[in-house]
Amino acid sequence: MTLAISRYRLRFMQTTCDQPRRLGAASSTQWLVWLKPLVGLAVAAFLLALCPAQAEVPDDQYIRIYSMMRQADSLSTNGPAGAALAKYQEALAGLQNFQKTHPDWNPRTVTFRLSYLADKIAAVSKEPAAAGQHAGGASQAKLVEAGAEPRKVLRLHPKPGDKQAVTMTLKMGMEMKIGEMEPPAMKLPAMKMPMDLTVKSVSPTGDITYEMAMGEAEIGEEAGAAPEIAAAVKPFLTKLNGLTGTGTISDRGFSMGIEFKGPADADAQLRQMMDQMKESFFTAMTQFPEEAVGPGAKWEVKMPIKSQGMTIEQSASYELASLEADGLHGTINSTLAQNAANQKVENPAMAGLKLDLTKMTGKGTGKATFDLGQIMPPDATAEFHADMAMKMDAGGQKQTMTMKMDMNMRLEAK
């Protein structure tokens, strides 16, 4: 490993590996709609590969369970009640098991959280669906222009047993400054991640349940990428080989949740990555409007995102660039903008560290073809740039941190 990389790793570990690394990995899962499943994977792989693996102590276990609770709270606010209920139930089961394993760990806190989860489960179980709102979030898409005639209602309609193989290629660069320390800009090599999707069932209302299996990830060649970083990231990506999950989306592309199945002996890093991927898949796919649309149609999906102690305003805009005569195939252009107001970031994953977010902006563009008979787009590309700045206070030691990230994604279906 070169001296520059060694210095970067040492400084980065000293400053970020214990607590801010979780913020970096978590916040990254909220970027561009097309990139979101990949950004969390890439950033977490990058940050966790640079930081030494640590045995999961009770504090880490509780933080992971608390992260589930926060995801459930976010789903309760922004998503379907069914997905929120499932996440609350998962967190409750995890906390009950944690209490049995570590009965002396902050019993008052655990008891309070058990009661909190029980109340949330009871409340969500009684919530009726809002009038006119599909379980997949129908009321969240607003039609701006209907487009030219002839217009078609866009609905996904794969059949049980249908299979789709896709490969996602991600490239990413990062610049960071912590206080007066400014490590060299880092460029990751191209990461290729294959996955196979199988439709398991389609409900009478059109909800699609599918299974996903990750294939063997590869590290590709990329001009300017440090081979040392590729060597550090590769072992982490290897942990994702064979990872499977089951998810459900509405026929309009709104995710209703996904659950990943990891090995019984999964370490803390893999479990954290699975939690991040669950959250990122919530808005991973193109979301179609309720109304019939034609070429030139435009619609927006706006929602606040609450993740890892931050509130982010997100606006995704779609334009139907083309629609074939059969009404089943076409091309969609998309743009995404995110902004976060100045705010204090409160997250138990960063106990003892006070964070004030002073800037978070992001913007990107994407283009994708669609086949309504398939879950994922046959072909998609996207680019995104994000800037973030914050002030940190750890035990009276104050410093600032700024971060810039550029990402490029390509999705290809076989």
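Confirm whether Ala44 is at pLDDT below 75, among the small types (Gly, Ala, Ser) and closer than 30 Å to Met405 by Cβ. Outline the logic, then answer.
Numbers: at pLDDT below 75: yes; among the small types (Gly, Ala, Ser): yes; closer than 30 Å to Met405 by Cβ: yes.
Against the criterion (at pLDDT below 75, among the small types (Gly, Ala, Ser) and closer than 30 Å to Met405 by Cβ), Ala44 qualifies.
When the residues of segment 380-414 are narrowed to those that are within 21 Å of Leu188 (Cα to Cα) and in contact with a Pro (Cβ under 9 Å, 6 or more places away or on another chain), which ends up surrounded by the most Cβ atoms within 10 Å (Cβ to Cβ)?
Going through the qualifying residues, I end up with Leu411.
Give me the pairs: first residue in segment 211-235 and surrounded by 15 or more Cβ atoms within 10 Å (Cβ to Cβ), second residue among the hydroxyl-bearing types (Ser, Thr, Tyr) and assigned to a helix (DSSP H, G or I), beta-carbon distance under 8 Å, and six or more apart or on different chains, which are they?
Ala217/Thr238
Among the numbered conditions (1) assigned to a helix (DSSP H, G or I); (2) buried (at least 18 other Cβ atoms within 10 Å of the Cβ); (3) at pLDDT 80 or above, tell me where Ser74 comes up short.
Checking Ser74 against (1) assigned to a helix (DSSP H, G or I); (2) buried (at least 18 other Cβ atoms within 10 Å of the Cβ); (3) at pLDDT 80 or above, the one that fails is (3).
Examine segment 372-381 for a residue that is polar (S, T, N, Q) and over 18 Å from the mean Cα position of the chain (by Cα), and state whether such a residue exists.
Yes - at least one qualifying residue is present in segment 372-381.
Given (1) surrounded by fewer than 16 Cβ atoms within 10 Å (Cβ to Cβ); (2) part of a loop (DSSP other than H, G, I, E, B); (3) within 25 Å of the chain's Cα centre (by Cα), identify the lone condition not met by Ser201.
Going through (1) surrounded by fewer than 16 Cβ atoms within 10 Å (Cβ to Cβ); (2) part of a loop (DSSP other than H, G, I, E, B); (3) within 25 Å of the chain's Cα centre (by Cα) one by one, Ser201 breaks only (2).
For segment 213-241, give me each residue that is part of a loop (DSSP other than H, G, I, E, B), farther than 23 Å from Lys163 by Cβ and in contact with a helix residue (DSSP H, G or I) (Cβ under 8 Å, 6 or more places away or on another chain).
Ala226, Lys239
Among residues belonging to segment 321-367 that are among the hydrophobic types (A, V, I, L, M, F, W, C), modelled with pLDDT under 90 and surrounded by fewer than 15 Cβ atoms within 10 Å (Cβ to Cβ), point out the one that is nearest to Ile63 (Cα to Cα).
Ala351
Only residues in segment 389-411 that are on the phi > 0 side of the Ramachandran plot count as the first member; pair them with residues that are outside any strand (DSSP E or B), Cβ under 9 angstrom, at least 6 apart or cross-chain, and list the lot.
Going by the 9 Å Cβ cut-off, the qualifying pairs are Gly395/Gly352.
Across segment 149-173, what is the total count of residues that are in contact with a strand residue (DSSP E or B) (Cβ under 6 Å, 6 or more places away or on another chain), part of a loop (DSSP other than H, G, I, E, B), closer than 16 Å to Asp371 by Cβ and not charged (D, E, K, R)?
Total satisfying the criteria: 1.
Can you find a residue that is within 19 Å of Phe370 (Cα to Cα) and at pLDDT below 70 anywhere in segment 271-281? Break it down stepwise before answering.
Applying the first criterion (within 19 Å of Phe370 (Cα to Cα)) to segment 271-281 yields 281.
Then keep just the ones that are at pLDDT below 70; that gives 281.
Looking for residues that are within 19 Å of Phe370 (Cα to Cα) and at pLDDT below 70, one finds at least one in segment 271-281, hence yes.
Would you say Ile249 is over 25 Å from Asp406 (Cα atoms) and either surrounded by 16 or more Cβ atoms within 10 Å (Cβ to Cβ) or in contact (Cβ under 8 Å) with a residue 12 or more places away in the chain (or both)?
Against the criterion (over 25 Å from Asp406 (Cα atoms) and either surrounded by 16 or more Cβ atoms within 10 Å (Cβ to Cβ) or in contact (Cβ under 8 Å) with a residue 12 or more places away in the chain (or both)), Ile249 qualifies.
Going by the conditions given, is Phe288 closer than 30 Å to Lys152 by Cβ, modelled with pLDDT of 75 or more, of a type outside the set (S, T, N, Q) and not in a strand (DSSP E or B)? Show your work before the answer.
Values: closer than 30 Å to Lys152 by Cβ: yes; modelled with pLDDT of 75 or more: yes; of a type outside the set (S, T, N, Q): yes; not in a strand (DSSP E or B): yes.
Judged against the criteria, Phe288 is a match.
The values are calculated or read from the model by the stated rules, or taken from the named source; none is laboratory data. Predicted model only: the values in this text are computed from it and were never measured. No Cβ is skipped: glycine too gets one built from the backbone with ideal geometry, and neighbour counts run over all protein chains shown.
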